[in-house]
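Readers should treat all values here as calculations from the given coordinates under stated rules, not as data from a laboratory. Worth saying up front: this structure is predicted, and the values here are computed from it rather than measured. Positions of Cβ are backbone-derived with ideal geometry, glycine not excepted, and every protein chain shown enters the neighbour counts.
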C-alpha cells in the first residue's frame, strides 16, 4: 500500500508525539509509527521532572491542562549530606520552577491530543525500514496488521529511542559516537506512601547515593545507587527500605515514609551522544541521539528541546523561509545537549560513590562533601545549579508566536 505525508515520525514516545503535535499546529502533515503497543508506551515509567520551558510549551500548545491540575510544582530541591538537608531555592535564584509530572502522563496527554486531530498514529507496526533520505525522496517501509506499506515523505524524524532503527540507518562513517558507561546503576521503586517532603531530596551518603522523589500526593518515587548488574531478586522490600532510611534520614528527624512497593527495577547509567544528529532528510531527536544520566533530570527535557527546534525548522522550510534552520538543526541541538551532559555528569560525579575498594575512595568522598558544602554555601554555586536544573533558555518560537 502506498501512502504520502510530509514528515514520517518513527517512534511514539514523548519526542515523536510532541513533534507530531507541534507540526499539526504548524499545519504540517505527519504520520507517527511505533513498534510497541500503546499500553507499553503509556505504562513504562521514565522521567518525572519537567523543566520550566517544557511546562510553558505544553500549556501554550494546548496539552497542559491536566499537567496544571495534577502536576506538582516545585520551587527548589534539597541537597543532603552529613545528616543535613540544604535547600536550593530555584524561584528566588532564577524566577523559575520545575514540575513533577510523570513521562507516562505526558504521553497520555499527547496521545489524546493526537487522536483529536485525526492524524495517523499507528502502534505495533513491524519491519520498519528507512531509505532514500540522502536524496529528495525519503521512504519508510513498514507492516501494519499484516499489510505492507510504503510511506513516501519529505523528511523522516527518528524519535524511536536509543534502540530505534534510525540511527543505525545512517551510512557508515557519518556518525561519531561519544559514550561513557558509569560503574553504577539506580534501583528505583514506586511505593504507595505519601511523600514526606514537598520537594526532591538528593543525598550523598557513605553507603551510596539516594534520591527521594514523588509521582503524586500518595505515591513516592525513590532511588538507590547500586551495581549496574545487581540481581534484583537480592533486594527484598525490607532491604530496600532499610537502605533508603539509612541513606536519606537526616538529623532533624526527616526520613521517607514507608509503604507498599508496587514497582521496582534497576537502570544502568550511561552518557551517550552522536554527532551529527542529521543526515540528508533524516533527523534524530531525543534518546535516538543522546542519553544522559538521570541525576540531572534532563532526558525528556532534551527531547522536548530537540523537537521544538526541529518543528520550527520544518515550519520555516514549508513556509518558504529557507532551509538554514534545518541545515543547522544538529549544531543548534548539540550545543544544548553537551551543556546538559556537562551538568548531568557534574551532578552524578558529585553525588555518587565510586568503588569502595578504589585507592582514592576516601579522598573522593571528602572531595564530594567539600563540593556540596561549597555549592550550598555559595549564592554563585546555588545559582549555577538552579539555572541548569530549571532549564537553560531556548530561543525558538512556538506555533502562533512567529512574526
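Where is the GNM fluctuation largest for the chain (alpha-carbon springs, 10 angstrom cutoff): 257, 234, 104?
234
Kindly express, to the nearest 10 degrees and within the range 0 to 90, the angle between helix 379-390's C-alpha long axis and the longest C-alpha principal axis of the chain.
The angle comes out at about 40 degrees.
Enter the angle in degrees (range 0 to 90, nearest 10) between the Cα long axis of helix 14-25 and the first principal axis of the Cα atoms of the chain, meaning the one along which they spread out most.
50
As I understand it, the value is the acute angle between the Cα axis of helix 299-318 and the longest principal axis of the Cα atoms of the chain; what does it come to in degrees, rounded to 10?
Here the helix axis deviates by roughly 20 degrees.
For a quick check, take a GNM of the chain with Cα springs below 10 Å and name the residue from 167, 281, 44 with the largest mean-square fluctuation.
With Cα springs under 10 Å in the chain, the top fluctuation among 167, 281, 44 is at 44.
Which FRET efficiency value, to the nearest 0.05, do you get for residue 361 and residue 260 by plugging their Cβ-Cβ distance into 1/(1 + (r/R0)^6) with R0 = 25 Å?
Values: r = 35 Å, r/R0 = 1.41.
Working from the Cβ atoms, E equals 0.10.
Pick out which of 168, 183, 228 has the largest mean-square fluctuation in a Gaussian network model of the chain, springs linking Cα atoms closer than 10 Å.
168
Show that you can apply the helix-only estimate: for the chain, add -39,500 (n - 2.57) for every DSSP H stretch of four or more residues, divide by all residues, and state [θ] at 222 nm to the nearest 500. Kindly include the intermediate steps, with their values, before the conclusion.
On the way: 12 runs with 141 residues, N = 403.
When only DSSP H runs of four or more count, the value is -11000 deg cm²/dmol.
Multiply the residue gap between residue 122 and residue 339 by 0.36 nm, knock off their C-alpha separation, and tell me the result in nm, one decimal place. Don't skip to the end; give the middle numbers.
Working: separation 217, 0.36 × 217 = 78.12 nm, distance 3.42 nm.
Extra length available between residue 122 and residue 339 comes to 74.7 nm.
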